[in-house]
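Working notes, structure below.
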Amino acid sequence: MTDLSKPLMTEAYGAKAQGAKLELMAIELPPLTSSQVQVAISDCGLCHTDCHMVNNDWGIGDYPMVPGHEGVGKVVACGANVRGLEVGDTVGVGWIRDSCGLCEPCGCGRENMCDNGYKGTYLGDSAANGLWGKSPNNLFGCFSKVMRIEAKFAFLLPANLPPHVAAPLMCAGGTVFEPIVDLVRPGVVVGVGALGGLGTLALKLSKLYGGKVVAFSGSESKRAAAMAAGADVFVCTKDPKQMADAPKVDVFLDTVPVNRPLSDVLPLLKFNGSYVRMGIPPASSQGLEADWIPIIFTGKKIGGSIVTGSQRMKLMLKLASEHLDFITDISESTQAVVRPFSEVNEAMESLMSQSSSAYRTVLQW
C-alpha cells in the first residue's frame, strides 16, 4: 500500500526543455496533504495553452514541464480532512490547483479572480508575477498518470458525462462560461469568433442561456458544422459581403489564440456591446490598439476571461449533464477525437497546424 505521507513516483508525458517533444518520463509528486486527493488520471483534453506553454510562447514556462489541465480520473486516496469526495469518485481537474481561500472572490467560489493569485496547475516560478499566480511552485499537470491536488479543485463529475465530453469542459468550457453567465440572457445576440474547442462550447453554452448565436469563422467549410451545432447565423470573415451583412451582436466572444486589430471586431458590436477576449496571443503579439472615440461614444466594453472558479464550474457541469444530448449534438467530422497518450506529439502538431477538424483532442492512458 502506498504511503501517502511520502513523495510518489509516477509516469507522465513531459517536455525536458522549451520546445522539446514530449516524452514519457518518471516524475516525483510531493506527499499528499490532509486537504488533497490523489487522482488516477485516465483522460486529458489537449488545449492550445499546452502547446503555448511547452514552446514558452508567453515566457512563463519552467522545465521539465508536464502539461495538461483538462484531466479526468478516479479518486484513489483522500487526505484526512477531505469532505465531499470518496475513493472511487470520478473527478475533473482544470487550470487551477489551489488559491488563497481567504479573499472575497475565493469566499464566493470565484477562485479564478483570487486577490492573491491562484496556483496554476502546472505553473512554476517563472509565472509568479501576480497574474498567472503568486505562489512559486513547479508541480505537474494532467499529462501525468497520477495527480495530487486540493480536493476543492477536483470536481465531482455527473455520472452521465463521459470523459471525452467532461475533459474539454474543465478548461475550454469554464473559460467561455464566465462571460456567458455574466452577459448572456434570452434574446441576447452572441457572436462567437472561431469554432475550435472554446468556440464550439461557447456556441453550445450560449444557446443554453437563451442566446442567438452568430458564428464567425475564416473558413467557409465550417458553415455546415456550425449550423449543425446550433448556430443561428454563420458568417465567413473572409467574405466582404457576408461581413457587411452580418447582424450586429450584443456580445462577441473571441476565442482565436492570435491577435487581431480591435477595429476588425468592434464594428460588429451593437451600442453598449461587450467584446470578450479568451484566446491568448503569443507574448510577441500582445499589443491592444483601438481608437477611443468609437468606444466612448457607443458605450462598448472590452474585457477578458480565463477559466472559471468552483461555483461556476459546478453550475456548468450540472448544465452540461442536464443537456447532454444538445452538448454532444455536433457533426460527426467535428466530434472530439480520442487518441492514446503515446500520440501526444502528433496530436499537438495537428492542433497547431489546424489539420484536424475535431473540436477537441482527448488523450487517454
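Some points to look at:
- Condition check for residue 212: modelled with pLDDT of 95 or more and surrounded by 20 or more Cβ atoms within 10 Å (Cβ to Cβ): no
- Residue within the range 111-119 that is in a strand (DSSP E or B) and in contact with a Gly (Cβ under 7 Å, 6 or more places away or on another chain) present: yes
- The lone exception for residue 202 - which of (1) closer than 18 Å to residue 70 by Cβ; (2) more than 15 Å from the chain's Cα centre (by Cα) it fails: (2)
- Some residue of the range 217-229 being touching a Phe, Trp or Tyr at 6+ places or on another chain (Cβ under 9 Å), free of Cβ contacts under 8 Å to residues at least 40 places away in the same chain, open to solvent by less than 20 Å² (accessible area, probe 1.4 Å) and assigned to a strand (DSSP E or B): yes
- Any pair with Cβ under 6 angstrom, 6 or more apart, that starts in the range 257-269 at a residue that is within 15 Å of residue 291 (Cβ to Cβ) and open to solvent by less than 20 Å² (accessible area, probe 1.4 Å) and ends at one that is modelled with pLDDT under 90 and not in a helix (DSSP H, G or I): 262/290
- Count - residues of the range 324-365 that are under 21 Å from residue 21 (Cβ atoms), open to solvent by less than 60 Å² (accessible area, probe 1.4 Å) and assigned to a loop (DSSP other than H, G, I, E, B): 1
- Condition check for residue 159 on (1) part of a helix (DSSP H, G or I); (2) out of contact with any His (no Cβ under 6 Å at 6 or more places or on another chain): one failure, at (1).
- When residues of the range 31-81 are limited to those that are under 19 Å from residue 173 (Cβ atoms) and of a type in the set (Ser, Thr, Tyr), the one surrounded by the fewest Cβ atoms within 10 Å (Cβ to Cβ): 42
- Residue within the range 194-203 that is among the β-branched types (Val, Ile, Thr) and more than 21 Å from residue 361 (Cα to Cα) present: no
- Residues in the range 267-323 that are at pLDDT 95 or above, farther than 11 Å from residue 174 by Cα and assigned to a loop (DSSP other than H, G, I, E, B): 5 in all.
- Complete set of residues in the range 230-266 that are in a loop (DSSP other than H, G, I, E, B) and of a type in the set (A, V, I, L, M): 231, 246, 256, 258, 265
The values are calculated or read from the model by the stated rules, or taken from the named source; none is laboratory data. Keep in mind that this is a model prediction, so the values were computed, not measured. So basically every Cβ, Gly included, is an ideal-geometry build from the backbone, and we count neighbours across all protein chains shown. Each accessible area value is taken on the protein alone, full model and side chains, heavy atoms only, with ligands, DNA and RNA left out. Shrake-Rupley method; radii C 1.70, N 1.55, O 1.52, S 1.80 Å.
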